[in-house]
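The values are calculated or read from the model by the stated rules, or taken from the named source; none is laboratory data. Predicted model only: the values in this text are computed from it and were never measured. We place every Cβ from the backbone using ideal geometry, glycine too, and count neighbours over all the protein chains shown. Only protein heavy atoms, including side chains, enter the accessible area calculation; ligands, DNA and RNA are left aside. Shrake-Rupley method; radii C 1.70, N 1.55, O 1.52, S 1.80 Å.
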Amino acid sequence: MNTKQKQLKTGLGLFLLFILYTISLKVIDVQKAGPQHSEVGYATINEYFFDKIGTSHFWYQITEIMGVFPLLIMGYFAGCGLYQLCARKKLSLVDKEILNLGFLYFGIVIVYVLFEKVIINYRPILVEGHLEASYPSSHTFLAVAVLLSAFYLFKKEKGIKKIMSFLCLLVMSIIVIGRILSGVHWITDILGGILLGLSFVSFYIAMTNKFEGTQN
């Protein structure tokens, strides 16, 4: 089995796991554990972690600031793609790995909009006195999907891009851990963001390897 097939199967497996996990959140240990009696699945586990960790304004601010970094990375690659399109005059001549990032980013936007409409659960705290959708953690999902895919591209390069690859991993780790410590999400929201992000990255790598294999 080649790398493309392995990554595709990994992506499908992770995405299926995410779907099953999401469904389970609506049926397993659902209790009115959130603010204003809002319901959450795996309530016992979620309450345990929330009571142990609490909330941290410091980590919330850190993750809000760090959350800009994935957006900058998206902007960088979007700019690279636009430059190549203008210079080469054809969409088919844009580097496939960058073109595939466009599909990845489009998928991210779709998921973000979807879960703003389809509420699985609400945050364990009120935001400006209101309930706010919490699943999956968008910061976590964005960090994993965008920064891991960027790491995959940057690690092949030398110099500043090589350094950027490690910076992507560092920032991703800080965002994920910081989001847990901030207490603005249930622990199950974080896990959902990680699962979904990893599935997207696996699909991206599978598609990129497909074109690399074709070129070889």
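Yes or no: F18 open to solvent by 80 Å² or more (accessible area, probe 1.4 Å) and closer than 21 Å to F141 by Cα? If you could, list the steps in order and put the result at the bottom.
Values: open to solvent by 80 Å² or more (accessible area, probe 1.4 Å): no; closer than 21 Å to F141 by Cα: yes.
No: the conditions fail for F18.
Exactly one condition in (1) open to solvent by 50 Å² or more (accessible area, probe 1.4 Å); (2) at pLDDT below 95 is false for L170; which is it?
In the conditions (1) open to solvent by 50 Å² or more (accessible area, probe 1.4 Å); (2) at pLDDT below 95, L170 misses (2) alone.
Would you tally the residues in the stretch 60-80 being touching a helix residue (DSSP H, G or I) at 6+ places or on another chain (Cβ under 7 Å), open to solvent by 30 Å² or more (accessible area, probe 1.4 Å) and under 14 Å from V171 (Cβ atoms)? Give the steps one after another, and end with the answer.
Keep residues of the stretch 60-80 that are touching a helix residue (DSSP H, G or I) at 6+ places or on another chain (Cβ under 7 Å), which gives 60, 62-63, 66-67, 69-70, 73-74, 77, 80.
Of the ones still in play, those that are also open to solvent by 30 Å² or more (accessible area, probe 1.4 Å) are 60, 62, 66, 69, 74, 80.
Adding the requirement that they be under 14 Å from V171 (Cβ atoms) leaves 62, 66, 69, 74.
The total comes to 4.
Checking S38 against (1) farther than 18 Å from P136 by Cβ; (2) hydroxyl-bearing (S, T, Y); (3) in contact with a Lys or Arg (Cβ under 8 Å, 6 or more places away or on another chain), only one condition comes out false. Which one?
All conditions pass for S38, except number (1).
What single numbered condition from (1) open to solvent by less than 60 Å² (accessible area, probe 1.4 Å); (2) at pLDDT below 95; (3) among the aliphatic types (A, V, I, L, M) fails to hold for L114?
The failed condition is (1).
Working only within the stretch 157-203, note down all residues that are part of a helix (DSSP H, G or I), more than 11 Å from T140 (Cα to Cα) and not hydrophobic (A, V, I, L, M, F, W, C).
Within the stretch 157-203, K161, K162, S165, S182, T188, S199, S202 meet the criteria.
Output the residues belonging to the stretch 146-171 that are without any contact (Cβ under 8 Å) to a residue 60 or more places away in the chain and under 16 Å from the mean Cα position of the chain (by Cα).
Scanning the stretch 146-171 gives L148, S149, F151, Y152, L169, L170.
Test M164 against the stated conditions and say whether it is buried (at least 24 other Cβ atoms within 10 Å of the Cβ) and closer than 26 Å to F77 by Cα. Please lay out each step first, then the result.
On the way: buried (at least 24 other Cβ atoms within 10 Å of the Cβ): no; closer than 26 Å to F77 by Cα: yes.
Answer is no for this residue.
From the set of residues in the stretch 192-204 that are buried (at least 21 other Cβ atoms within 10 Å of the Cβ) and within 22 Å of S56 (Cβ to Cβ), which is farthest from the chain's Cα centre (by Cα)?
So, considering only residues that are buried (at least 21 other Cβ atoms within 10 Å of the Cβ) and within 22 Å of S56 (Cβ to Cβ), the one farthest from the chain's Cα centre (by Cα) is G192.
Of all the residues that make up the stretch 122-145, how many are part of a loop (DSSP other than H, G, I, E, B) and within 18 Å of the chain's Cα centre (by Cα)?
5
All but one of (1) closer than 22 Å to Y21 by Cβ; (2) modelled with pLDDT under 95; (3) open to solvent by 10 Å² or more (accessible area, probe 1.4 Å); (4) more than 14 Å from the chain's Cα centre (by Cα) hold for K210; state the number of the condition that does not hold.
It fails just one condition, (1).
How about the stretch 27-56: which of its residues are within 20 Å of E132 (Cβ to Cβ), surrounded by fewer than 16 Cβ atoms within 10 Å (Cβ to Cβ) and hydroxyl-bearing (S, T, Y)?
Of everything in the stretch 27-56, just one residue is within 20 Å of E132 (Cβ to Cβ), surrounded by fewer than 16 Cβ atoms within 10 Å (Cβ to Cβ) and hydroxyl-bearing (S, T, Y), namely T55.
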